[in-house]
Amino acid sequence: MSEERLLKSIEATHELGNEIALWMQPGDFIALSGPLGTGKTVLAQAIIRAINPDIGEVTSPTFALMNFYPSSHIPIVHVDLYRLDTLSDLDELGIESALENNAALVEWADRMGESLPVDRLEILLDDHPDASRQVNITGFGSWEARLSRALDLHAFVAQSGWASASRSWLKGDASTRLYQRLEDVEQARKSILMNSPADAVRSHLHQGKTYSQTVHLAENVQAFVALNQHLLSLDLSAPRLLAMDMKSGFLILEDFGDGVYGNIVTRGEEIRVCYHAAIEALCTIQSSAPPDHINIAGGGNYVLNTYDIDALIAEVELVLDWAWPVWNKNLCPEDTRFEYLEIWRKQLNALPEPTVLVLRDFHSPNLMWLPERSGAARAGLLDFQDAVIGHPAYDLVSLAQDARIDLPADLEEWIIKTWLDLRPSHIGNITPAQMKHAYHLLGAQRAAKIIGIFCRLAIRDHKPEYLVHLPRVVGYLCKNLQNPHLQQIASWFTNNIPLQKNLPIIQSGMEDNR
């Protein structure tokens, strides 16, 4: 997969650097080649500044050979191999260890010979009679498909009327979805670009299903479009769709700004006012029976899944698949696994039938404060494509036991009480005692799932930043398991994984396994 371009100015080189930075991920290898004086260093500097605008001076590594640029987004090592005499010098340079934890921009990368990584993006710069530079960009290995998708995304933005907009990286979620902010200064408008590739099959469970299929995760962008349409029909603040390519998984969405609930809590601003709006939104979602299917405007039909026992069980099993090996330095024995799953199955089977639409991640990273709106619409809703039909306690515990931030100590009980006061009449027959049991059971289920997911993100997906949240989530699991009805689950953990005792082990173990 190749792309040729002409760069007629230094500004064009900087624009290309900005674009390439948006394609990059941690651990990438970018090979920069071409004769002396063709702009390899200028392009590398543009990429580094685009990834970390506050980096300060970015110098050429011609004499130092390697310069390191830390970043919470993508740490980078900038390498210049022009002075490399022999391939054996690569070992002395320590380039192999440098590549383990950094994305690499390597000038004169062709001197690496057979040591070049299979997965790489090659950028060849050369002089051109009609322009300052000619650039040939080629993807090898996994970069072939990535480059093709990046170029398709670029074309989609242009065709959607946002060609003149600048693009900047936005922090996404734990999924494969990527987000950028589009800002068109000339027309004084902003939007959010969502790049949602179809779900990549990673692992199979029983009966030939993938994990995503078993737990009913969205496998393409159709789910987001359908549920977005449903939430808007309830007069809630889901982002309006400005442009879409459903086949490719590209969407341009209304930009809700930067008022994410997590920032509001951190700053201590009007917390109960904000959370009252979120509870109003939750009650609005739960106020009517969830649709069996959603007819998507423009074509298509989306059928909602039920948050069934198989899905709930597969989620709690993540603890055994990803956390147990770190805690116990071995795989979970089959008889222990069977006992664990049967205890959960018995408890979850006792829950009433699912009755409401459950967004599943109804918590601070996916809630935006929109104070200029009124009522429930003040809570902007994000990341709802995995919604299912489930129990009303699930989203309530997601909100009150937030996996990502520490809420004020008294806020959890206030959220529960406020929901009980505002809940829709058709689920008013659930007694406070029944709700308390369901709340703690599903809270424990959710915490166990998230512990497994955070471990998986650290080990498989090389995202160790999620480990900082483990103590909080382990605390929620321990708290929920204090409910007398959950004594069997609590005893299993006490006998097999003493959670708080083993937390330091798992945190250090995750670091070792990154």
If you average the C-alpha positions of the range 336-358 and of the range 383-442 separately, how far apart do those two centres end up, in angstrom? 17
Neighbourhood charge, 14 Å Cβ-Cβ cut-off, centred on residue 235 and excluding it, Lys, Arg +1 and Asp, Glu -1: +2
Student exercise, the chain dipole from Lys, Arg, Asp, Glu Cβ charges, in Debye to nearest 20: 1380
List the relative contact order of the range 2-141 as a percent without decimals, with contacts defined as Cα pairs under 8 Å and 6+ residues apart. 36
Hey, could you pull the Cα Rg and Dmax for the range 2-141, both in Å? 14.1, 42
Charge dipole (the chain, unit charges on Cβ, about Cα centre) - positive-most of 162, 27, 356: 356
Take every DSSP beta bridge whose two residues both sit in the chain, then give the antiparallel share in percent to the nearest 5. 75
I need the P(r) histogram for the range 212-324: all alpha carbon pairs, bin width 5 Å from 0 out to the longest distance, whole percents. 2, 9, 14, 16, 17, 17, 16, 9, 1, 0
Exposure proxy order (Cβ contacts within 10 Å, fewest to most) of 344, 169: 169, 344
Calculate, for residue 170 and residue 55, the FRET efficiency according to 1/(1 + (r/R0)^6) with r their C-beta to C-beta distance and R0 22 Å; round to the nearest 0.05. 0.75
Protection proxy ranking of 51-59, 137-145, 409-417 - average other beta-carbon atoms within 10 Å, highest first: 137-145, 409-417, 51-59
Under a point spin-label approximation (7 Å from Cα along Cα-to-Cβ), what is the residue 243-residue 145 distance to one decimal in nm? 2.5
So what is the relative contact order of the chain, in percent, for Cα pairs below 8 Å that sit 6 or more residues apart? 11
I'd like the distance separating the alpha-carbon centroids of the range 10-47 and the range 124-156, in whole Å. 11
Listed residue (104, 305, 483) projecting farthest to the positive dipole end of the chain, Cβ model: 483
Throw me the Rg/Rh for the range 105-190, computed over C-alpha atoms with Kirkwood Rh, two decimals. 1.05
Let's test this: bin the Cα-Cα distances of the chain at 20 Å from zero up to the farthest pair and state each bin's percent. 20, 50, 27, 3
Starting from the Cα of residue 334, step 7 Å along the direction of its Cβ; do the same at residue 465; then give the gap between the two resulting points in nm. 4.1
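Quick note: the coordinates plus some simple rules give every number you see, no bench work behind them. Please read these numbers as outputs of a predicted model, since none were measured by experiment. Glycine also receives a Cβ, built like all others from the backbone with ideal geometry; neighbour counts cover every protein chain displayed.
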